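The values are calculated or read from the model by the stated rules, or taken from the named source; none is laboratory data. A quick note: this is a predicted structure, and the numbers were derived from the prediction, not measured. In this analysis, Cβ positions are derived from the backbone assuming ideal geometry, glycine residues included, and neighbour counts consider all displayed protein chains. In case anyone asks, the SASA skips ligands and DNA or RNA and just uses the protein heavy atoms, side chains included. Shrake-Rupley method; radii C 1.70, N 1.55, O 1.52, S 1.80 Å.
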Amino acid sequence: MAQVEATTERVVAANAQEVYAALADYEGTRAKLLPEQYSEYEVREGGKGAGTLVHWKLQATKKRVRDCLLEVTEPSAGELAETDRNSSMVTTWRVTPAGEGSSRVVVSTVWNGAGGIGGFFEKTFAPKGLARIHDAVLARLAAEVE
């Protein structure tokens, strides 16, 4: 099994604290940021940052749907980590200042990919598909906070 990683970033015209607060608001803002690839969104515990337990289904391709149950932690200031209890997938959101009134948001997802030829295709194509999904989330985030 090889580790697979998808990373996307965007500069948002809003201060880092406001952007981070929007991302950490699983009860309110976060649901509005999710594109059509997400379904069955439900906050099961908490709702604000660390200690949140959130569920969704992610349809990465026509045939591939991940049932995600994510435990949210805050490993460091400006960082949210979503660890899937149902798989090896971990998504990390990092928000840092990027000049006056702007912030840089980097979202990175890693997981243990399949082996063999299936793993080759997963490692080749999955990061691009997930990056497109993350980019849609970041575009909605920018529209929400700018």
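When only C-alpha pairs under 8 Å and at least 6 residues apart count, what is the relative contact order of the chain, in percent?
Numbers: 315 pairs, mean separation 48.9, N = 146.
33 percent.
If the convex hull of the alpha-carbon atoms of the chain is projected onto planes in all directions, what is the mean projected area in square nanometres?
8.1
Hand me the tally of lysine pairs in the chain: alpha carbons under 19 angstrom apart, and the pair either on different chains or 8 or more positions apart.
Within the chain, the lysine pair count is 7.
For the chain, with all protein chains present and a 1.4 Å probe, just round the carbon and sulfur fraction of the accessible area to a whole percent.
51
With n ≥ 4 as the cut-off for DSSP H runs, can you work out [θ] at 222 nm for the chain, using -39500 (n - 2.57) per run divided by the number of residues, rounded to the nearest 500?
The helix-only estimate for the chain comes to -10000 deg cm²/dmol at 222 nm.
Show me 35-42, 67-74, 94-101 ranked by packing, highest mean number of other Cβ atoms within 10 Å first.
Numbers: 35-42: 13.0, 67-74: 17.5, 94-101: 15.2.
For the peptides 35-42, 67-74, 94-101, the packing ranking is 67-74, 94-101, 35-42.
Taking 0.36 nm per residue of sequence separation and subtracting the Cα-Cα distance, how much length would be gained by fully extending the chain between S102 and E45, in nm to one decimal?
Details: separation 57, 0.36 × 57 = 20.52 nm, distance 3.09 nm.
Contour length minus the Cα-Cα distance gives 17.4 nm.
Test of understanding: what is the full-extension gain from V90 to N112, defined as 0.36 nm times their sequence separation minus their Cα-Cα distance?
6.9 nm
Kindly report the accessible area of the chain per residue (heavy atoms of protein chains, probe 1.4 Å, no ligands, DNA or RNA), in Å².
52
In whole percent, what relative contact order does the stretch 15-58 give with Cα contacts below 8 Å and a gap of six or more residues?
34 percent.
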